[in-house]
Amino acid sequence: MNCEEILTLLDAYFDNELDLAKTVAIEEQLRTCASCRSQYELRVALRSRLDDPDLRYAAPKDFADQIRKKLALSTRPTRKILSFPTIAWIPAAVAAAAVFGAFVYANIGRLLPTETPSLVAEVASDHIRSLIGTHLVDVESTDQHTVKPWFAGKVDFSPPVRDFADQGFKLVGGRLDYVRGKNVAVLVYRFKNQYVSLFICPERTPEAASEQKSFDYQGYNLVYWNANGLDCWAVSEAAPGALLEFVKIQQEEHS
Amino acid sequence: MALLSDYATSCGYAVDEEKTSRECAVMESEMTGDKINSAVDADQYGMNDQCRRIHFENQMLPLMSEAYNLARWMMKNEADARDVVQDAYLKAFRYFESFHGDSGRAWLLRIVRNVCYDALRARDSRRNIVSLDEETAAEVPDSKPSPNVLAIQNSTKLRIREALEALPLEFKTVIILREFDGFSYKEISDIAGVPVGTVMSRLSRARRQLAVLLQEEGENE
C-alpha cells in the first residue's frame, strides 16, 4: 500500500475497525514511513485532548424531571372524537342508559357514593396544579416548627409535621388547598427530583375505611390511608414503590 | 373526606387501578437492569400505559447526558438543546415499540440527531440559510503546512472547544459520537443514517480539519 491508501484506512485502524490483514499492513507502514506516522500521531494527540470531561455539556439540573413530566402529560388519555360507527350505536346506548337510570333510581341509596366526581382526580389535580404554577408551597421551610404553627387558624386541626430528610423525603413546606370545598393541609416533600404532596384533613365520618388504597391518575400515583382520625392522601409523580415507602415512613411516625 | 374512603372502597375500577399500580411497582423492580430489553418482551407482560412509561424511563432517562451533550453541540445553545432533547424523548416514547435492538443508546441518539436536523432546518429556513450539507463546509486546504502534534498538544481547552464548534455539522457529529460516546462505526452509521464508509471518511476529514484549525489558531497567536 502507498501512503495515500494508508491514509484512507488510517482512521479505521486508529479506531480499531480494521481486519487483521489490513491492520498488519498499516502497522508495517507506520514503522517505515515517517509521514504516515505523523498522521497517526496527530490522531493520538487529538484524542488525548478530546478526552476531557470539560468539553462535554452537562444537562441542566432537574432536566430529567422535566422530561418525566412531559412524558406523564403525553400519556394522558386523549378525548376521542365520535366517528360514524360510534354514532350508529347511540340509540342503543340511550336505551341502555334509560335501563341503567331506572336501576340507579331504584338503588339510589346504595349507589350514591360512586356517583360523586372522582376525588382521586381532584386530589391529583391539586398536586399537578401546584407543580405547574407558582403555588407549590405557601410556607417554605424545612423546619417542622415553622410549618406546623403556620396552619394554626387556617385549618381546624393540627396536622402532624415531620421532616424525613434522612429517609430521602425532605420537607419543603406547606400549603393550604381545597378538596371538596374544604380547607386541607398539604405538606410538600421533595424526593430526589420529585415532589410529594401529602394532603391531610380530619376524617368526616367515623365509619371511614382505614384501609390503605393506591390509585394512579394520569401518570401520577396516589395513596390513601387513614391514621389517627385523619384522612391522608400522598400524591406524586414518583414511582409507586417510592411513594409506598413514603407512606410507610409516615405511618410509622404516626403509629 | 369520608367520601374519599367511600370512594376507595366502593369504586370498582379503583381497585383495578390499585392492582395495576402494584403490578407496575413489581414490574419496575424487575425491569431495572437488562432483564427486559425490548418492547416485544414488555408486551408479553401486558403493560399498560403507565408501566410502559416507567419501563421507558428506566431504559432511556439514564442516557440523557449523552443525548443532551449531542444536542447541545449540534444546536449550539442551551435553550434549543433542551427543546430538542424533550422532543426527542417524546418521540422516542411514541415509537418505543419499534425499538428492538440491543443498543438503546444508539437508538435514542439517532432520534436526537434527527430532531436536531429538523430543528436546524426550521431555524435556518427562518434565516434563509439553505443547506446543512457538509459540502458547503470549507475543505481542508492542501497548501497549508501540515499540522503538527505540538500545536494540538499545546492548544487550550477553549481552542479545542472553538475548533470543534467550527467544524461542519456532520463532522462535528461523528467526532462527538466517536470520541465522546465511543460508538463503533456501525453504530455511528445507524445513528447518522449513512454507510460505514461515509462514517470513516467523515471522521478522517473531521480529524484533519480539526488539526488544521488548531494549527491555524496557534499561528495567529
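Looking at (1) exposed (fewer than 14 other Cβ atoms within 10 Å of the Cβ); (2) in contact with a strand residue (DSSP E or B) (Cβ under 6 Å, 6 or more places away or on another chain), which is the only condition A:Pro149 fails?
Here A:Pro149 clears every test but (2).
Kindly indicate the residue of the range B:162-221 that is among the small types (Gly, Ala, Ser) and more than 12 Å from chain A (Cβ to nearest Cβ) and also surrounded by the fewest Cβ atoms within 10 Å (Cβ to Cβ) among those meeting that condition.
Applying the first criterion (among the small types (Gly, Ala, Ser)) to the range B:162-221 yields B:163, B:166, B:182, B:184, B:189, B:192-193, B:197, B:201, B:204, B:206, B:211, B:218.
Applying the additional criterion that residues be more than 12 Å from chain A (Cβ to nearest Cβ) yields B:166, B:192-193, B:218.
Working: B:Ala166: 15, B:Ala192: 20, B:Gly193: 11, B:Gly218: 16.
Top of the filtered list is B:Gly193.
Which of the numbered conditions does A:Ala58 fail, given that it passes all the others? Conditions: (1) facing chain B (nearest Cβ under 8 Å); (2) in contact with a Leu (Cβ under 7 Å, 6 or more places away or on another chain).
Here A:Ala58 meets the rest and fails (2).
Select from the range A:29-72 the residues that are assigned to a helix (DSSP H, G or I), hydroxyl-bearing (Ser, Thr, Tyr) and free of Cβ contacts under 8 Å to residues at least 24 places away in the same chain and list them in ascending order. Don't jump to the end; show me each part of the working.
To start, the set of residues in the range A:29-72 that are assigned to a helix (DSSP H, G or I) comprises A:29-32, A:34-50, A:53-55, A:63-72.
Those left that are additionally hydroxyl-bearing (Ser, Thr, Tyr): A:32, A:35, A:38, A:40, A:48.
The answer is A:Thr32, A:Ser38, A:Ser48.
Filter the range A:149-186 down to the residues that are more than 17 Å from A:Asp231 (Cα to Cα) and free of Cβ contacts under 8 Å to residues at least 24 places away in the same chain and list them by number.
A:Pro149, A:Ala152, A:Gly153, A:Asp163, A:Ala165, A:Asp166
Is there a residue being under 19 Å from A:Ala124 (Cβ atoms), within 14 Å of another protein chain (Cβ to nearest Cβ) and of a type in the set (Ser, Thr, Tyr) anywhere in the range A:193-200?
Within the range A:193-200, not a single residue is under 19 Å from A:Ala124 (Cβ atoms), within 14 Å of another protein chain (Cβ to nearest Cβ) and of a type in the set (Ser, Thr, Tyr).
Going residue by residue through the range A:156-173, is there one that turns out to be at the interface with chain B (Cβ under 9 Å from one of its Cβ atoms), β-branched (Val, Ile, Thr) and either within 19 Å of the chain's Cα centre (by Cα) or not in a helix (DSSP H, G or I) (or both)?
Taking the range A:156-173 first, the residues at the interface with chain B (Cβ under 9 Å from one of its Cβ atoms) are none.
Within the range A:156-173, none of the residues are at the interface with chain B (Cβ under 9 Å from one of its Cβ atoms), β-branched (Val, Ile, Thr) and either within 19 Å of the chain's Cα centre (by Cα) or not in a helix (DSSP H, G or I) (or both).
For residues that are of a type outside the set (Gly, Ala, Ser) and surrounded by 22 or more Cβ atoms within 10 Å (Cβ to Cβ), scanning just the range B:82-93, find the one that is nearest to the other protein chains (Cβ to nearest Cβ).
Quick first cut of the range B:82-93, residues of a type outside the set (Gly, Ala, Ser) only: B:82-87, B:89-91, B:93.
Next cut, surrounded by 22 or more Cβ atoms within 10 Å (Cβ to Cβ) only: B:84-85, B:89.
Working: B:Val84: 12, B:Val85: 7, B:Tyr89: 5 Å.
Top of the filtered list is B:Tyr89.
What number of residues within the range A:65-102 satisfy the criterion of being aromatic (Phe, Trp, Tyr) and modelled with pLDDT under 65?
So in the range A:65-102, the residues aromatic (Phe, Trp, Tyr) come out as A:84, A:89, A:100.
From what's left, modelled with pLDDT under 65: A:84.
The qualifying residues number 1.
Need the failing condition index for A:Phe169 against (1) at pLDDT 85 or above; (2) surrounded by fewer than 18 Cβ atoms within 10 Å (Cβ to Cβ); (3) not acidic (Asp, Glu), just the number.
The single condition A:Phe169 does not satisfy is (2).
Specify which of the listed residues (B:Ala67, B:Ala79, B:Ala71) is under 20 Å from the mean Cα position of the chain (by Cα), over 18 Å from B:Leu108 (Cβ atoms) and either at pLDDT 55 or above or at the interface with chain A (Cβ under 7 Å from one of its Cβ atoms) (or both). Walk me through how you get there before you give the answer.
On the way: B:Ala67 fails: over 18 Å from B:Leu108 (Cβ atoms); B:Ala71 fails: over 18 Å from B:Leu108 (Cβ atoms).
Going through B:Ala67, B:Ala79, B:Ala71 in turn, the sole match is B:Ala79.
Just to be sure before I move on: is A:Val179 under 30 Å from A:Thr75 (Cβ atoms), out of contact with any Ser or Thr (no Cβ under 9 Å at 6 or more places or on another chain), modelled with pLDDT under 85 and within 14 Å of chain B (Cβ to nearest Cβ) in the structure I sent?
Working: under 30 Å from A:Thr75 (Cβ atoms): yes; out of contact with any Ser or Thr (no Cβ under 9 Å at 6 or more places or on another chain): yes; modelled with pLDDT under 85: yes; within 14 Å of chain B (Cβ to nearest Cβ): yes.
For A:Val179, the condition - under 30 Å from A:Thr75 (Cβ atoms), out of contact with any Ser or Thr (no Cβ under 9 Å at 6 or more places or on another chain), modelled with pLDDT under 85 and within 14 Å of chain B (Cβ to nearest Cβ) - is met.
The values are calculated or read from the model by the stated rules, or taken from the named source; none is laboratory data. A quick note: this is a predicted structure, and the numbers were derived from the prediction, not measured. Every residue, glycine among them, receives a Cβ derived from its backbone with ideal geometry; neighbour counts consider all protein chains shown.
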